[in-house]
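Computed from the coordinates by the stated procedures, all read-outs in this text should not be read as laboratory data. These figures come from a predicted structure and were not determined experimentally. Cβ coordinates were reconstructed from backbone atoms using ideal geometry, including for glycine residues, and neighbour counts include every protein chain displayed.
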Amino acid sequence: MPPLAGRSAADIVRLMAAFRGGTQPATVMDRIAKGFSEAETEAIAAWYAGQK
């Protein structure tokens, strides 16, 4: 799994949506992603995008 730090926020939001929708293969991330609202997902993505 590639690191999330430094990825664009838009890319992370897209991946989380794909996990939630079942279009991105996952072992547990699909279930984890379903627990976050859109606002929470965007906040998480912004944080990871700001990391080096």
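Taking only the Cα atoms of the chain, how large is their convex hull per residue, in Å³?
Details: hull volume 3.5 nm³, N = 52.
Cα-based convex hull of the chain, divided per residue, equals 67 Å³.
How far is helix 38-49 tilted off the main Cα axis of the chain, in degrees rounded to 10, range 0 to 90?
40
Taking Cα pairs under 8 Å and at least six residues apart, what relative contact order does the chain come out at, in percent? If you can, show how the numbers build up before the last one.
Values: 48 pairs, mean separation 27.4, N = 52.
Across the chain, relative contact order equals 53 percent.
Determine which residues of segment 29-52 fall in the zone a paramagnetic label at Ala18 would reach in this model, i.e. backbone nitrogen under 14 Å from the point 7 Å along Cα→Cβ.
29-30
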